[in-house]
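Enquirer: Right, I'll just put the structure down here and ask away after.
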Amino acid sequence: MIIDILAGAVRGGTSIMYAGLGETISERGGVINLGTEGAMLLGALGGYAVTAETGNPWLGVLGGALAGALLSLVHAVLVVSRRANQFASGLTLYFLALGVTSLFGVSYVSRQINAFTPVPVPGLSEIPGLGPILFDHDPLVYVAYVAAPVIWWVLFRTRVGLLVRTAGERSEALEVNGYSVQAVRYCATVAGGALAGIGGAHISIAYANSWFENMIAGRGFIAVALVIFAMWNPIRIMAGAYLFGAALSLASVLQTSGIAVNQFALNAVPFVLTLVVLAILGRRTMLAAPDELLKVFDNSRTT
């Protein structure tokens, strides 16, 4: 049972990891995107629809990324160019995505697709215990293994990452050196949305292998919370995503094992875990927050 839960944690946590990594990039650039849930929803439908029409799940991943990026581009226009409230904009775009996917997703509810399937890694998947947990998954899980350290490296070891972090820490320093703060934040927000869209596509074309209304079920909001108590660190995002993946997989593993547990209580476990972790960490995590995000919180309290 333990192996099943841990394997489910990796598989179920992958979509949260993609969304969390995307939100980390966005927030490192100084933009909070509560519309991550909506970007995942559009990514799930976009990925499923493109896969259904083309038969190629990799094109579906691209479709999901584009859908998530498009919604986040709207968010960037509102909050970067028009100075709209970041929290209100994100939540509004989530409800927009919920309505759009409910409207246009109807025809795909019973549609069959050529979904991703588990691809065991030769040799590694046969390692007792560790093999089934880490090396018997769909290709997007393996890509996620690489994505987290690569994004960490880009953010903390490259000039591009320096520009993004400066936009979130000392935006005036970018302007003094001739860079456009708006351009950097646009790029960070759109890149974050694209990753959230990939996370949504992973759910529809690799995890659930189906499309149904509101299938993200709060994972995008969990990803936003994950960024906070991971202290805006992509490596910690990876670990935290698997923790929440374990909470998500617990229900199916218990049901498969014939253990009778209230389904509604099990569905609440990931969200209760989110609240507990946030309560334990309290304000300590905010010490690591980019300075520009603190300004967003302060402005929201005064408006």
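The values are calculated or read from the model by the stated rules, or taken from the named source; none is laboratory data. Given the structure is predicted, the values throughout are model-derived calculations rather than measurements. Note that each Cβ is placed from the backbone with ideal geometry, even for glycine, and that neighbours are counted across all protein chains shown. Quick note on the areas: whole protein, heavy atoms, side chains included, nothing else; ligands and nucleic acids left out. Shrake-Rupley method; radii C 1.70, N 1.55, O 1.52, S 1.80 Å.
Enquirer: Could you please tell me which pairs satisfy a Cβ distance under 6 Å, a separation of 6+ or placement on different chains, a first residue in region 189-213 that is on the phi > 0 side of the Ramachandran plot, and a second residue that is open to solvent by 10 Å² or more (accessible area, probe 1.4 Å) and assigned to a loop (DSSP other than H, G, I, E, B)?
Expert: Filtered contacts from region 189-213: N209/A115.
Enquirer: Please determine, by comparing only the residues of region 128-158 that are among the β-branched types (V, I, T) and open to solvent by less than 60 Å² (accessible area, probe 1.4 Å), which one is farthest from the chain's Cα centre (by Cα).
Expert: Top of the filtered list is T158.
Enquirer: Out of S110, S102, report the one residue that is in contact (Cβ under 8 Å) with a residue 24 or more places away in the chain and either open to solvent by 60 Å² or more (accessible area, probe 1.4 Å) or assigned to a helix (DSSP H, G or I) (or both).
Expert: S102
Enquirer: Are any residues in region 179-202 hydrophobic (A, V, I, L, M, F, W, C), closer than 24 Å to L287 by Cα and open to solvent by less than 10 Å² (accessible area, probe 1.4 Å), and if so, which ones?
Expert: The one that is hydrophobic (A, V, I, L, M, F, W, C), closer than 24 Å to L287 by Cα and open to solvent by less than 10 Å² (accessible area, probe 1.4 Å): A188.
Enquirer: Which residue out of A39, A9, A52 is aliphatic (A, V, I, L, M) and open to solvent by 10 Å² or more (accessible area, probe 1.4 Å)?
Expert: Values: A39 fails: open to solvent by 10 Å² or more (accessible area, probe 1.4 Å); A9 fails: open to solvent by 10 Å² or more (accessible area, probe 1.4 Å).
Within the list A39, A9, A52, the selection yields A52.
Enquirer: Please give the number of the condition L155 fails out of (1) part of a helix (DSSP H, G or I); (2) in contact (Cβ under 8 Å) with a residue 60 or more places away in the chain; (3) within 20 Å of S15 (Cβ to Cβ).
Expert: That leaves (3) as the condition not met.
Enquirer: Related question: Is at least one residue of region 167-178 outside any helix (DSSP H, G or I), open to solvent by 60 Å² or more (accessible area, probe 1.4 Å) and either within 21 Å of G64 (Cα to Cα) or modelled with pLDDT of 95 or more (or both)?
Expert: no
Enquirer: Consider only pairs whose beta carbons are under 6 Å apart and that are at least six residues apart or on different chains; among these, list those whose first residue lies in region 115-139 and is acidic (D, E) and whose second residue is surrounded by 18 or more Cβ atoms within 10 Å (Cβ to Cβ).
Expert: Taking only residues 6 or more apart or on different chains, the pairs are D138/F116; D138/A206.
Enquirer: I'd like to check something: does region 72-95 contain any residue that is open to solvent by 20 Å² or more (accessible area, probe 1.4 Å), touching a helix residue (DSSP H, G or I) at 6+ places or on another chain (Cβ under 8 Å) and closer than 18 Å to I16 by Cα?
Expert: Checked against the condition, which is being open to solvent by 20 Å² or more (accessible area, probe 1.4 Å), touching a helix residue (DSSP H, G or I) at 6+ places or on another chain (Cβ under 8 Å) and closer than 18 Å to I16 by Cα, region 72-95 yields at least one hit.
Enquirer: To continue, here is another question. Mind listing just one residue for me: the one in region 22-54 that is charged (D, E, K, R) and within 11 Å of the chain's Cα centre (by Cα) and, of those, nearest to G68 (Cα to Cα)?
Expert: Looking at the filtered set, the residue picked out is E37.
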